[in-house]
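**Q** Dropping a structure here in structure tokens format, bear with me for questions.
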Amino acid sequence: MQIKGVSHLHSKYSHDGEISLAELKEYFKEKGFQFLLLTEHLHDVSEQKIRQIIDDCRLLSDREFIIIPGLELKDNNKHFLIIGIDGSQNNIEELIKKSPPNKIVIWAHPFFTGAPREEEIKEYPIDGLEIWNSVYDGKTFPRWQALKLLEKLRQRKNLYGFCGIDFHRFSHAGGPYLSLELQNFSQDDILKNLKTGNYSMERGNLVVGPDGNLAGGQKTKVKLMSPLICWMLGLVRFVSWLAYVLKISPPKKIKESIRSKL
Ligand SMILES: [Zn+2]
Ligand SMILES: [Zn+2]
């Protein structure tokens, strides 16, 4: 069966998430999705809360919809998504230095603080790079720089590109999703497919392979449009920062409206 799901979501368990897990399920199920990859901020949750998140995901998962629990960890300025946590590890932070067998480790928004160095990437046993984070790269195209970096890294290391919507509120919806062909509808099967690169990243008629490949015409479009969109998003962030420093609060409606389009 062909299913689709969304990666990189924060619910109310994260300090900056505005939507509950049950509401997330309802919303995305109605939009035609079958799974979610949850990535709550580790610094917001205690060991006990992590267990609660895992239990909640299990309770909300059924034969038609699966929520896979995960965390977003920080190591200096780098962010990592650990998807498929089961609560068995004592020190969750160790996860980014070890390669957990049935979990997926993704370097989130790698261009967050400038381009990552190749040597840095080699330090971590990651399964993939988030080449298309809709908050940092825009909803419409993967980041061209990230696609180039992935291409380079794949010459020496078997890793894949991932997309994520970095969802905190409803204006963050509408970005790319993962599409995959499953034998059995289970968490294990979804994770296995993602770990072995059996999926594609899609939005509208744009299809990106797990190796970052795009069809001919789409490649030119992404190459031209992605830098422009990243620049515009940078400008929006700068203006928001300036408004914050000057203690001016632009109407939330305007901010949300820009966000929901980009
Ligand atoms: Zn992050
Ligand atoms: Zn995030």
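**Q** Using just the helices of the chain, give the 222 nm mean residue ellipticity in deg cm²/dmol: DSSP H runs with n ≥ 4 each add -39,500 (n - 2.57), and the total is spread over all residues, rounded to 500. It would help to have the intermediate numbers written out before the result.
**A** On the way: 8 runs with 92 residues, N = 262.
Helix contribution divided over all residues of the chain: -11000 deg cm²/dmol.
**Q** Quote the FRET efficiency, to the nearest 0.05, computed for Y244 versus E151 with a Förster distance R0 of 41 Å and r equal to the Cβ-Cβ distance. Please report the intermediate quantities before stating the final value.
**A** Values: r = 37 Å, r/R0 = 0.90.
That pair, Y244 with E151, gives E of 0.65.
**Q** Fully extended, how many nm does the chain gain between I258 and W231 (0.36 nm per residue separation, minus their Cα-Cα distance)?
**A** Working: separation 27, 0.36 × 27 = 9.72 nm, distance 1.41 nm.
Net length gain for the segment: 8.3 nm.
**Q** Using Cα pairs closer than 8 Å and at least 6 residues apart in sequence, work out the relative contact order for the chain, in percent.
**A** On the way: 466 pairs, mean separation 46.8, N = 262.
Relative contact order comes out at 18 percent.
**Q** Over 26 Å between Cα atoms: which of K49/K139; K74/K122; K74/K139 fall into that group?
**A** Result: K49/K139 exceed 26 Å.
**Q** Report the full-extension gain for the segment N158 to S88: residue separation times 0.36 nm, less the Cα-Cα distance, to one decimal in nm. Kindly include the intermediate steps, with their values, before the conclusion.
**A** Values: separation 70, 0.36 × 70 = 25.20 nm, distance 2.67 nm.
Gain in length upon complete extension: 22.5 nm.
**Q** Sticking with this one: Could you please rank D86, D189, placing first whichever residue has the fewest other Cβ atoms within 10 Å of its Cβ?
**A** Working: D86 12, D189 16.
In order of increasing Cβ crowding within 10 Å: D86, D189.
**Q** Can you tell me which of 172-179, 192-199, 52-59 comes out highest on packing, and rank the rest after it, using the mean Cβ neighbours within 10 Å? Please list the in-between numbers first.
**A** Working: 172-179: 20.9, 192-199: 18.2, 52-59: 16.0.
With the highest mean Cβ count within 10 Å placed first, the list reads 172-179, 192-199, 52-59.
**Q** Can you give the translational diffusion coefficient of the stretch 2-218 in µm²/s, computed by Stokes-Einstein from the Kirkwood radius over Cα pairs at 4 °C and 1.567 mPa s?
**A** Details: Rh = 17.1 Å.
In µm²/s, the coefficient is 76.
Throughout, read-outs are computed from the coordinates displayed, never taken from laboratory work. Every value quoted in this text rests on a predicted model; they were computed, and no experiment measured them. Virtual Cβ from ideal backbone geometry, glycine too; neighbours counted across all protein chains shown.
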